[in-house]
Amino acid sequence: MALLLVAAFAGLGFRLVDLQVVRHDDLSREAAGRRESTIIHPSRRGDILDARGNVLATSLFVKTVCADPSLLGTNQTVVARALAPQLKMNEAELAEKLRVHAWKDQRGKERVDRYVILKRKVSLEDWEKIRAAMKSLSFGVDEKKLSRRDRAFYLNLRQRAIYTEPVDDQLRIYPAGTLAAHVLGFTAATDKLVEGHAVTELVGKDGIEAAFNSALNGVTGWRQTEKDVGSQELVLFREEDIASRPGLNVALTLDASVQDMVESELAKGMERNAPVSISGIVVRPSTGAILAMATLPNYDPNQIGSKTPIANLRNRVITDTFEPGSTFKAVVVSAALNEQAVSLNEILYCENGVFSFGGYTLHDAGHHFGNLSVEDIVAKSSNIGAAKVGIKLGEVRLHKYVRDFGFGDPTGITLPGEARGTVHPVRSWYKVSIAQISMGQGLTVTPLQMAMAVSAIANYGRLMRPMLVDHLEDEHKQEVFKYQPQAVRQVISEETVKLMVQAMKRVVLPGGTAPQAALEHYTVAGKTGTGQKPPYGSRKYFSSFIGFFPADSPEICIAVFLDEPDPKRYYGGETAGPIFKAIAERVAAYLAIRPDIQAPSDQPLQKPSSNPPEVIAQTGLPSTLTTSRTGRNF
Amino acid sequence: MARNRKNQSAAVRFGPALKALLICLFIGGSGVGYVWQQNQLLELGRQKAEKEKRLNLLRVQNSQLGRHLAELQSPKSLETRLKELNLGLSMAQPTQIVRLVDAPLTPAAKRILSMHPAERQYAERRTAALPAP
């Protein structure tokens, strides 16, 4: 008896030593693994807002719904019937996913899949419905009469068979659909490790989403805690609880309403002129703030995928370069006036439309101009006249001004993928280059560079850096960082600007190249462009019109570009001009820009009518500030 | 003397029993108190977790409503709604906009505006016309 007792105690002692000493580390690790838990707090990606606080991009937390088919027994059909409507899936397809799939591991042991993803990006509302459906699931048996084991099976099925990934995913939503798609860009999901856990994070792949990815992405938080046998958290045993920091909101200078106006007018222009693509930019010359930037065809960032043509993803305003054609004459004439190489009234002989220079013959498209003043050269867009102005200015000075207007360098807009264009150094020029460049050939520019150069003329000669982001703010709408307008350089003098504006005003008058771009209530200064696309003679053109108004105190500069319009009608004045006009009329009314022309159709207000006029207090502030932040005009 | 001894011994026996009882009560009370406290902590923890869940749910609902609001405020949605309602709204023409030009402030008015609100009230009272008798 004593011997037995000793043996029993010895056995217990051995077991005790085995558990508490020999296997202590392994067992305590296993116990900790079952008890301890790390909960990841994903950070919410910040919103992208327009200038009036309207949300252009936002994020929603969503679930990835998974299943453990090993807990379903033979109830796949019942579960599939209950969940198919919530998951918006076909019942048969869902039942197939819920079927147990067995496989053999490396040791030849049979295993079953206990992790099957049923659907990603399920909203929290739908997940609550799924949970409710699982709770109220009926299997057609009286469970009270079942054995304890069977009851536990059904309990497990309801509570554990359908579950979600522990960390919520995010769904990026663009509430306005295709609006400003090229500016906003899009995101893609990537995995990263946080505290040893894989977390899916959104990463910007284009546009503002990519350029401001680090600001938009917050910091992921985590919580180290313990859970009970029912996997419920024991709050008492929380050790670390680091809250996540949501990403910052990016507030753009872009105005969603202006953007919509531009996009809808470009769409009409696309229908009329059937170009390969059409682009438009609205800039405030005094600050360089971009109110709208659009390119068609575009895409819906909500449905980005393999079906979206790659060409549609390109923001052609900054990525594509082209020979600007006659819009570039504004740059050449400005430079020549600034250097006093010519005067506005100086008469130049335009060779009756045919000019031999540097071994080449230059033509004036469809015209045989004789003597023209420099002002007329701008108004009528004479190639030979512009070439002669360029020749008078000289290669070195022309090159200097081309660079000073920002060509050959990226504008510095806060968007990825900006092209710099091509401006060859003077040493690489041929003899004819000076004449070609003066006509807008022999160099390439982006639409944005061209728009910013004309904006510099509108801004009394000062070139501004294009500004697309106004400020960054936190989740409580508190401003964190404010971007200020940045002047790049003073390119031409104010006196030169006055002369240039005088010449550019004539472009939209009868006898100019774009009378279709004239506005009823505002004087417009602008320049048309119709550049041939290489190979020359292929009847492929790049047509454009860039203008600003009111001409003498410009508030808005609008640029419209058509890539390969219908060759039956391709001149900038007749294709881009009317689009400019349509955009300008709507934008001017929306921003309540003060007219500088009393139009004949205007009737002075006699008495308040049934539709009272809108009253806006003019306080000397820029016109955009006269409307309320959230107010809208229709 | 013997009675006193007897009385003393009775008192001595009662004292330890009382002490033992008090100690037992203290230990028992401490145990019950500890269990109650732990229970309370767990209960508060549970309530905290529930409230955190509720807060998260409200945040999610808030962001969903925000998204819905953003969709409703998008220019396309507003245009569609305007067409549906057929209210005949159109963009204000430049002639329909009346601009009021503020007169430049006089030096006295500028001085009053820069004052503390209480001082401004006092100054306004002093400069105001007397009430009619």
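General observations
- GluC sites (Glu not before Pro) within the range A:466-562: DSSP coil, no more than 12 neighbouring Cβ in 10 Å: none
- Toward the positive end of the charge dipole of the protein assembly as shown, with +1 on the Cβ of Lys and Arg and -1 on the Cβ of Asp and Glu, the farthest Cα among A:P309, A:A8, A:V333 is that of A:A8.
- Once the Cβ-Cβ distance of B:Y34 and A:E110 is raised to the sixth power relative to R0 = 51 Å, the FRET efficiency obtained is 0.55.
- Using Cβ point charges alone (K and R +1, D and E -1), the dipole size of the range A:203-337 about the Cα centre works out to roughly 540 debye.
- A dipole drawn for the range A:433-526 from +1 and -1 charges on Cβ atoms has a positive end, and of A:V480, A:P510, A:L463 the residue lying farthest that way is A:P510.
- Solvent-accessible area of A:H24, all protein chains in place: 80 Å² (probe radius 1.4 Å, heavy atoms, ligands and nucleic acids excluded).
- Cβ-derived FRET efficiency at R0 35 Å, A:V396 paired with B:R99, nearest 0.05: 0.15
- 0 to 90° range, to nearest 10: angle between helix A:256-273 axis and chain A longest Cα axis: 60
- The range A:348-407 - percent of accessible surface contributed by carbon and sulfur, probe 1.4 Å: 52
- Accessible area (Å², per residue) of the protein assembly as shown, counting only protein heavy atoms and a probe of 1.4 Å: 53
- FRET E, pair B:K110, A:Q484, Förster distance 41 Å, beta-carbon r, rounded to 0.05: 0.90
- Apportionment of accessible area to carbon and sulfur, the range A:137-279, percent (1.4 Å): 51
- With the simple spin-label model, which puts each label point 7 Å out from Cα in the Cβ direction, the A:L155 to A:N352 separation comes to 10.6 nm.
- Dipole in debye (nearest 20) - chain A, about Cα centre, beta carbon charges: Lys, Arg +1; Asp, Glu -1: 1200
- Averaged over peptide A:175-182, the number of partner chain Cβ atoms lying within 10 Å of each residue's Cβ comes to 3.
- Cα long-axis angle, helix A:124-135 against chain A (0 to 90 degrees, to the nearest 10): 20
- Using alpha-carbon coordinates, inclination of helix A:572-591 to the longest axis of chain A, degrees: 60
- Length gained on full extension, A:L4 to A:I310, computed as 0.36 nm times the residue gap minus the Cα-Cα distance: 101.8 nm.
- Largest to smallest accessible area among A:R45, A:R34, B:R99, A:R245 [probe 1.4 Å]: A:R34, A:R245, B:R99, A:R45
- At full extension, A:R35 and A:A102 could sit 21.2 nm farther apart than now, given 0.36 nm per residue minus the alpha carbon distance.
- Across all directions, the average projected area of the convex hull around the alpha carbons of the protein assembly as shown is 69.1 nm².
- Only Lys, Arg (+1) and Asp, Glu (-1) charged, at Cβ; the range A:295-402 dipole about Cα centre in debye: 300
- Distance between the 7 Å Cα→Cβ label points at A:V17 and A:S343: 11.5 nm.
- Solvent-accessible surface of protein heavy atoms, probed at 1.4 angstrom with all chains present, puts A:E201, A:E209 in the order A:E201, A:E209, largest first.
- Drop in accessible area of at least 30 Å² in the complex versus isolated chain, residues of the range A:43-69, 1.4 Å probe: A:L60
- When each of the peptides A:321-327, B:57-63 is scored by how many other beta carbons lie within 10 Å of its residues on average, the order from highest to lowest is A:321-327, B:57-63.
- Loop-located chymotrypsin sites (Phe, Trp or Tyr not before Pro) in the range A:137-237, at most 16 other Cβ atoms within 10 Å (DSSP): A:F139
- Rolling a 1.4 Å probe across all protein chains gives B:R46 an accessible area of roughly 110 Å².
- Where labels lie 7 Å past Cα in the beta-carbon direction, separation of A:A274 and B:R54 in nm: 6.5
- With a 1.4 angstrom probe, the accessible area lost at the A-B interface totals about 3400 Å².
- Placing a label point 7 Å from the Cα of A:R81 along the Cα-to-Cβ direction, the residues of the range A:134-178 with a backbone N closer than 18 Å are A:134-143, A:158.
- In terms of accessible area, using a 1.4 Å probe and ignoring ligands and nucleic acids, A:F61, B:F14 rank largest first as B:F14, A:F61.
- Exceeding the 18 Å Cα-Cα cut-off - candidates A:K227/B:K48; A:K392/A:K527; A:K97/A:K119; A:K97/A:K135; A:K477/B:K76: A:K392/A:K527; A:K97/A:K135; A:K477/B:K76
- In a DSSP loop and with at most 15 other Cβ atoms within 10 Å, the chymotrypsin sites (Phe, Trp or Tyr not before Pro) in the range A:336-443 are A:Y430.
- Under 20 Å from a label point set 7 Å out along the Cα-to-Cβ vector of A:L509, the amide N atoms of the range A:543-582 belong to A:546-554, A:573-574, A:577-578, A:581.
- Mean separation of Cα pairs under 8 Å and 6 or more residues apart, divided by the residue count, gives the range A:57-192 a relative contact order of 43 percent.
The values are calculated or read from the model by the stated rules, or taken from the named source; none is laboratory data. Since this is a predicted model, take the numbers as computed values, not measurements. We place every Cβ from the backbone using ideal geometry, glycine too, and count neighbours over all the protein chains shown. Surface accessibility is based on the protein's heavy atoms, side chains included, excluding ligands, DNA and RNA. Shrake-Rupley method; radii C 1.70, N 1.55, O 1.52, S 1.80 Å.
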